[in-house]
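First the structure, in the form of structure tokens, and then the observations on it.
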Amino acid sequence: MDHGSDTESEAGSLQGLHNSAGEAEDNGHRVGSHSHDTSEPQTIVQYSDVALAIRRISQIDISAIREDSSLHQVILHSSGAIIDFLDNPTLPTDIFSIADLFSALVDVTFLSVLFEQRIAFHGIASETVERGASRSAVICWVDVVLAKLGSFALNFAGGFSPEFRDEPISITLRSRWEGECVRAASQLPQQWTSVVHVITSTHASPAAKRLSLRLMFAAYVMGPQLKGNDSWGDTRLSPSALINTLCGSLESADATPRSHHNERQQTTWALTISIFAACCTFQNINGNTSGSMSPLRPRSLGQLLLMIQAIFNFDRPDGRLVVNPVENMNLPQIILIRWGKTVPWCWEMWEDQRIADVECTTTLSATWFFHVDTPFLECVPLPNLADSITRRPTSASSTVRNVLHCIVSGADSPNDSWCMENLSPAAGRVLSRSCWAAVRLLQINIERYDAKITAHTPDFCRCLIIIFCLLGANDGKYEVMDLVLEGLTIVGPVVLHHCLKALQEHSTLQFNARLDKSITEVKKLNLGTSQPWSCMKTKEFWP
């Protein structure tokens, strides 16, 4: 990642910055001792030590910090344990322990406590400044924790992969980078609820804006997902207020897809989109759909679509929509696919397929289908395809139809990635999940009538018939064929008859010959096996 300086003031060492706040001199070694140099021993931190430190800091009476100097020593040791953990996240070998500690650190209640203690220590440090002395930035241990927490959140979001590490490898560059991160933290406002306004501030540095987004992403997306909690944990900052501020930040965003954007910029956009999705999803769960939509003006929605295009390098060669899932994702793509409920939110937000540039959400959804049940981190709950489809069948119907349409549009072309004769494992996985989603939607329409699914049923039927004809029963794609046959039995004879008649008139498809061939292959397969032809793998998708 790019580690250039974006702070407004020149960098200093992390130890010097920490001591400038008037903290105890012996606290500096805790901050500066965690170098990547393997010749230096690392401080051993136990899970219980960090958990205890979080509880102690949470229970401290803010008003007593000025009078009771013994609390300073408690805070010194507690903050040291937290900093040691953020410097060495692998010390608790259990990934679930890491997730528990991180969730506690990014809980909005604890973050609010940190900002309150930051005010108290800034006041103490200001009182020690001699009259007539030049004023400088006051930095305390809270700034160090916030800076490290922002970097930790990004590393966690990337699965702690060395490829996505936020800090430089070089010890020299790392020291300078740490100083810049802490200076960015010192620019944050006094209250946690005001952090959101940093991203639209004309005075905050780019580094401070990035840090504010990381902290909000950790608090409103990562923390709730790790805890399996859909509730909005912040009682003082409403989702609608957060959406309004985020909309203001989009006005200055330059997300032209064909322009060159580095991964740092794309990561910033991914965080913004993910926070948007979290806010709107919470409001929709609680029945306040009007509140989530009203601030999102067409220009804001257009900017979000441009960001998605830039992140996934979306393009339309020869004017044709190509849907290829991204197998090896970079950090911005991981944020959108692995964290939060961004993809299902996109289905609802851009359900109207007439909107300009909405096609990029089809690529996003195809990538999500590919990764939906693949392992990431054990502590991160996997998204549930069945739940996502069942909760929002109307909006999901449009997306599934578009994905299937893109698949069949290239299924007969030898040079296309969706050619059924040479289907790649990645394409086969997306095909399987798309067919399963279509079948599930058809079943939902039987259980409870949905006008949108009913309108899309002929399209589902047409796509399933073409897949049946072109795929056949070869190359072990039995699970897809099983799903296709199940879907065709649900649509009913009337719809099936009209689709068959329309496809017979399709001269380039050679429908009759291919249909006969596929039926023959299926008959041979059923006669030649002693086991029932059933797609066992698809059972994983069911609730």
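Values for this structure:
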item	result
For segment 317-396 versus segment 58-126, the gap between their alpha-carbon centres in whole angstrom	36 Å
Where labels lie 7 Å past Cα in the beta-carbon direction, separation of D387 and N244 in nm	3.2 nm
Gain in span if fully extended, E327 to Q73, counting 0.36 nm per residue against the direct Cα distance	86.5 nm
Segment 427-462: chymotrypsin sites (Phe, Trp or Tyr not before Pro) falling in loop per DSSP and having at most 11 other Cβ within 10 Å	Y449
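Just so you know, all these numbers are worked out from the coordinates, no wet-lab data involved. Everything quoted here is computed from the prediction, not taken from an experiment. Methodologically, a virtual Cβ is constructed for each residue, glycine included, from the backbone with ideal geometry; neighbour enumeration extends over all protein chains shown.
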